[in-house]
Amino acid sequence: MRRFALALGLMVLAAAAPALAQQQMTDPDFRPTVARPAFAADGPVVTIDGAHDNFHTVDGRYAPFVALLRADGYQVRGGTAPFDAGGLDGTDVLVIANAGLTDGGSAFTASEIEAVEAWVRGGGRLLLIADHAPFGVAAADLAARFGVGMGKGWTFEPADNDDGVTSRLTYAGERLGDHAIMRGRDADEAIASITAFTGQSLIAPEGASALMRLGPQAWEAATPQDATAVAEAIRSGASDNPAVHSAAGRAQGIAFTYGEGRVVVLGEAGMLSAQVVRWPDGRPDTRFGMNVAPGNAQFGLNIMHWLTGLLP
């Protein structure tokens, strides 16, 4: 089966209605281990937002990430309150992963956005993750408060297959940023590669470090079905299709300080999950996330180590 056809199937399933979404689940075989836990016990408190119709939650699709963080000594809990009504209380690191849409717009109220901005400026730590459409739209207003632009579509790059494009993007070598997150605490924790599974592009604010640099032929489409137009744009170097635009020079992961706080923004959520798709037509199971991209787990740990100050 062609690689792009498989990737497209994964993307459609990820955005599908509940009747199809039940085929996509946490991988029951994934068991994260941490060779050198950062904290023996009672580490920083990590709150994973669950108050905004999130697609990834502490007991759901981000349960593997929760298990990884707990193995590293973090205290992890699910967030149930709005950010301007106690949702930030007692939190050292706030993780927001794929908040859902509210009437087709921002997932957060203006007062929540102001509360998060003030909290980070005063020393809070934020990991904001917003995947392919429609999640970029849901998080765009919050991201913009920190100077981050979101592509809001589906990102593709060239591939050597029949369709000529892929949404499964691997970052290695020069495409990885020069940042403490990539270096880790020592050579054993250095990141050699990261794999993203679909996602959107990000426009970094001035002074931010790009952790995952998109290639010069990266393009973004309004829908996954526009991939054919992306392939044509890659071949010709341009596109007159309003549903397609270049994502060259953008990133899928960025890190920066903000006031007294720190922020990491990712344009793809599946990389820190461990999921399995069981196809209704009898095809073999498909796994994606930390269960098939080992570098992703260390990347997640390094992000948390930088946010909590273990890395400079």
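Only one entry of Leu101, Leu88 meets the criterion of being open to solvent by 10 Å² or more (accessible area, probe 1.4 Å) and closer than 18 Å to Arg262 by Cβ, and that entry is Leu88. Being touching a residue at least 12 places away in the same chain (Cβ under 8 Å), open to solvent by 20 Å² or more (accessible area, probe 1.4 Å), of a type in the set (S, T, N, Q) and touching a Gly at 6+ places or on another chain (Cβ under 8 Å) is a description that applies to Thr80. Just one of the numbered conditions (1) free of Cβ contacts under 8 Å to residues at least 12 places away in the same chain; (2) in contact with a Gly (Cβ under 9 Å, 6 or more places away or on another chain) is not true of Asp103: (2).
Mind checking which residues of region 186-241 are in a strand (DSSP E or B) and either among the charged types (D, E, K, R) or in contact with a Lys or Arg (Cβ under 8 Å, 6 or more places away or on another chain) (or both)? Thr195, Ala196, Phe197, Leu202, Ile203, Met212, Arg213, Glu220 - these are the residues of region 186-241 that are in a strand (DSSP E or B) and either among the charged types (D, E, K, R) or in contact with a Lys or Arg (Cβ under 8 Å, 6 or more places away or on another chain) (or both).
Residues satisfying the criterion are absent from region 114-128 (criterion: in a loop (DSSP other than H, G, I, E, B), under 16 Å from the mean Cα position of the chain (by Cα) and in contact (Cβ under 8 Å) with a residue 40 or more places away in the chain). Looking at region 275-295, can you tell me whether even one residue there is within 26 Å of Gly43 (Cβ to Cβ), modelled with pLDDT of 95 or more, open to solvent by less than 10 Å² (accessible area, probe 1.4 Å) and in a strand (DSSP E or B)? Yes, because at least one residue in region 275-295 is within 26 Å of Gly43 (Cβ to Cβ), modelled with pLDDT of 95 or more, open to solvent by less than 10 Å² (accessible area, probe 1.4 Å) and in a strand (DSSP E or B). Among the conditions (1) of a type outside the set (Val, Ile, Thr); (2) assigned to a loop (DSSP other than H, G, I, E, B); (3) under 22 Å from Leu202 (Cα atoms); (4) touching a helix residue (DSSP H, G or I) at 6+ places or on another chain (Cβ under 8 Å), Ala133 misses just one, which is (4).
The values are calculated or read from the model by the stated rules, or taken from the named source; none is laboratory data. Source: prediction; values computed, not measured. Here the Cβ is made from the backbone with ideal geometry for all residues, glycine too, and neighbour counts use every protein chain on show. Ligands, DNA and RNA are excluded from the accessible area calculation, which covers all protein heavy atoms including side chains. Shrake-Rupley method; radii C 1.70, N 1.55, O 1.52, S 1.80 Å.
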